[in-house]
1. So for the pair E61, N189, with labels modelled 7 Å out along Cα→Cβ, what separation do we get in nm?
2. Name the long-range amide H neighbours of A52: under 5 Å, sequence gap of 5 or more, or other chain; modelled H, no Pro or chain starts.
3. What are the ³J(HN,Hα) couplings of region 76-84, residue after residue, when phi is run through the Karplus curve with 6.51, -1.76, 1.60 and θ = phi - 60°? Round to Hz, x for glycine and proline.
4. Just need the relative contact order of region 32-169 here, percent rounded to a whole number, with Cα pairs under 8 Å and 6+ apart.
5. Output wanted: per-residue J couplings in Hz (rounded whole) for region 159-172, from phi through Karplus 6.51 cos²θ - 1.76 cosθ + 1.60, θ = phi - 60°, x for Gly and Pro.
6. Pull up all non-local amide H partners of V156: gap of 5 or more, or a different chain, and H-to-H distance under 5 Å with H placed in the peptide plane.
7. Neighbour counts of other C-beta atoms within 10 Å: give me E61, E79 arranged from fewest to most.
8. Write out the GluC sites (Glu not before Pro) in region 97-182 meeting two conditions: DSSP loop, and at most 11 other Cβ atoms within 10 Å of their Cβ.
Amino acid sequence: MKSRILRNVLLVGLLSVLVAGCASPTGKYFKDVTTPGNVYVLPGHGKIRKIAVMPFRAPTELVGSSVSDMMVTELLRCERYTLVERGQMAQVLNESELALAGLSATKAVEIGTMLGADGVVIGTVDEYGTVAQRGRSYPVVGVSVRLIDCSSGRIVWSVDMAQRAARPDVTLAQHARKVVHDLAGTLYNELRRTR
């Protein structure tokens with residue numbers, strides 16, 4: 001009998017810890033951001049709810065698409081926006097006979113409006129490669145991202161970051177993931193600060 005009670009108490013305690021941890025994971029998720037990016041947030045930025053994230057301009061279409069997919073995941077972690085599914089964007093673009101990668105800001109806003117989005121996220125992967133230092137190669141990634149309001153064409157927020165990996169054994173993809181995470185964490189913290 002005592003063991004059953006003890007087991008139930010432990011189970012309830014474990015469940016309460018799990019529920020508390022899931023209640024607001026975002027703040028904890030971004031608490032490890034140590035390298036702040038360069039960020040701007042337009043005052044009164046709160047009306048944008050539904051956004052479309054376009055593939056980023058990059059040295060290759062695959063890099064641009066991969067980095068924008070990383071950004072999608074990080075934006076979902078911000079728990080601030082509803083995101084348009086990439087398949088919906090591709091369908092609209094196919095009907096419009098436009099290429100998904102490398103859209104101009106004006107065309108991206110047009111597509112966002114056609115998708116019913118309040119805003120559109122566009123970006124550029126400025127750096128994606130390695131740099132040699134003391135006979136070792138270190139990954140270097142630079143990303144610039146901005147959200148444009150589809151109704152006004154104004155930039156709602158803009159954030160950028162370029163960073164070299166601290167260790168040479170980190171892969172380029174791993175480092176890109178860290179840069180995008182730090183970039184999104186910087187944005188998340190600034191959005192919370194300027195509510």
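Values in this text are rule-based calculations from the coordinates and carry no lab data. Everything numeric in this text was worked out from a predicted model, so none of it was measured. Virtual Cβ from ideal backbone geometry, glycine too; neighbours counted across all protein chains shown.
1. Going from the E61 label point to the N189 one covers 3.7 nm.
2. Here V84, G119, V120, V121 satisfy the definition.
3. 4, 5, 5, 6, 10, 10, 9, 9, 6
4. Here the relative contact order equals 28 percent.
5. 9, 9, 7, 10, 8, 9, 5, 6, 10, x, 7, 7, 6, 4
6. Counting only residues 5 or more places away or on other chains, the set is L147, I148, D149.
7. Placing the least packed residue first, the sequence is E79, E61.
8. Loop-located and lightly packed - E97.
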